[in-house]
Structures are given as structure tokens and as C-alpha cells.
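The values are calculated or read from the model by the stated rules, or taken from the named source; none is laboratory data. No experiment lies behind these values; they were computed from the predicted model shown. Positions of Cβ are generated from backbone atoms using ideal geometry, with glycine treated the same way; all protein chains shown enter the neighbour counts. Side chains are part of the model used for accessible areas, which takes the heavy atoms of the whole protein and leaves out ligands, DNA and RNA. Shrake-Rupley method; radii C 1.70, N 1.55, O 1.52, S 1.80 Å.
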Amino acid sequence: ARHQALTNPNVLLRARLEEAGHRVESLTFPDDTTTIGQEIRAGLSTRSYPADVMQLLYIANRHERREAIEGWLASGVVVICDRYLASSVAYGEAHGLSADWLIDTQRFLPQPALTILLDIAPETARSRKAAGRDKYESDLELLARVRQSYRGLAARLPNWVMFDGERARDDVQAAISETVASR
């Protein structure tokens, strides 16, 4: 199990940052430990919410952790978030929502100093997570639109770095570590 956990880019990045002497906290969204996080999971499986309601739930879920993130950042902790602000923009835009509205709606959340995009084809994403896929992760047409949105965001927003996620895992991890270390 340890080998599997260490193959996750966020886990590897955290380990490297801690080895370099940094204090690190990591979060994954949606955060299933909260009531809102559980409602999101229901919306991805058994319930049906309109796209705007789903994105507002995601944003509210991040607000539940806002104070903790702000406190960590204020005390010099490096915070790694998996599926943070950009996720709502990319998935929301792929569902026909306004990217500008989604960006503005999240303006009171701590803004990332760096956003890393691992660019992979929807088919690759499906092959890497063959089981336990939610309704968004199972829709290849949606994932293609999400990918296009992420690429557009990376091209126009500051503090974004895009990596070819199709490359060998070690190469991608080395590039991520180098980029983070340079900042």
C-alpha cells in the first residue's frame, strides 16, 4: 500500500518538500469528511443537481477549509490541494457555465501561488482509474471539454504550469519537483 500511495504526485511532492525541511499540509477536494462533501458525493452518484448547484457545492466545500488554509499559510506551511479552484472553473465551463463567474465566485478563497496542470487525454484518465469512477469521470466527452478548459486557463492565467501527463511518471514528478523548488 505504501508503494501505491507514493506514486500519487501530491504524496511524492509532499514527501520531497518535507525532506527539504518544509511543513506541509495536503487537502483533496471534494472533502468527503464534511456534510457538504457528502452531498457532493451524492450528487455525483445518486442525486441529480444542475451544474451551477454542483459547482456552488464544490466552492462551499472549499470554504469549509478556508480558515485552516489561511492559518497554515500565515504560519509558513506549504499547502498542497488536489482539485482546488481551477477544478470548478474547468468542470463548470465544460457544463456551459461562465468561467468568469466561477473565478469571481471563488475570489474570497485563498488563491494558489502555483497551479500545476497534468495534461492527459480522457482515455488515459479512464485507464488510470478504471474502477470507482463517478458520473463526471465516466463521461469521455465531458472530460475532453474539461481538458480544453484547463488548457485555456493555463494559457491565460498567471502562476500556471502545464506538464504532459502522458510522459513517464518519474519524468513528470521530477519536472513538478523542479518547478516547485524554483519557486
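If the condition is being over 15 Å from the mean Cα position of the chain (by Cα) and either open to solvent by 40 Å² or more (accessible area, probe 1.4 Å) or not β-branched (Val, Ile, Thr) (or both), then the range 64-92 contributes GLU64, ARG66, GLU67, ALA68, GLU70, GLY71, TRP72, LEU73, ALA74, SER75, GLY76, VAL78. Apart from one condition, LEU44 fits all of (1) touching a residue at least 60 places away in the same chain (Cβ under 8 Å); (2) closer than 19 Å to PRO110 by Cβ; the exception is (2). Residues that are part of a helix (DSSP H, G or I) and on the phi < 0 side of the Ramachandran plot occur in the range 130-140; there is at least one. Residues that are open to solvent by 80 Å² or more (accessible area, probe 1.4 Å), part of a loop (DSSP other than H, G, I, E, B), modelled with pLDDT under 90 and of a type outside the set (Val, Ile, Thr) are absent from the range 97-118 altogether. In the range 169-183, the residues that are farther than 18 Å from GLU18 by Cβ form Cβ pairs under 8 Å with partners that are aromatic (Phe, Trp, Tyr) and at pLDDT 85 or above, at six or more places apart or across chains, as follows: VAL172/PHE163; ALA175/PHE163. Restricting the range 149-168 to residues that are open to solvent by 70 Å² or more (accessible area, probe 1.4 Å) and without any contact (Cβ under 8 Å) to a residue 40 or more places away in the chain, the residue that is nearest to the chain's Cα centre (by Cα) is ARG151. Within the range 11-51, being among the aromatic types (Phe, Trp, Tyr) and more than 19 Å from the chain's Cα centre (by Cα) holds for one residue alone: TYR49.
Among the numbered conditions (1) part of a strand (DSSP E or B); (2) open to solvent by less than 30 Å² (accessible area, probe 1.4 Å); (3) hydrophobic (A, V, I, L, M, F, W, C), the only one that ILE176 does not meet is (1).
Of all residues in the range 27-40, exactly one satisfies the criterion of being open to solvent by 50 Å² or more (accessible area, probe 1.4 Å) and in contact (Cβ under 8 Å) with a residue 40 or more places away in the chain, namely THR28.
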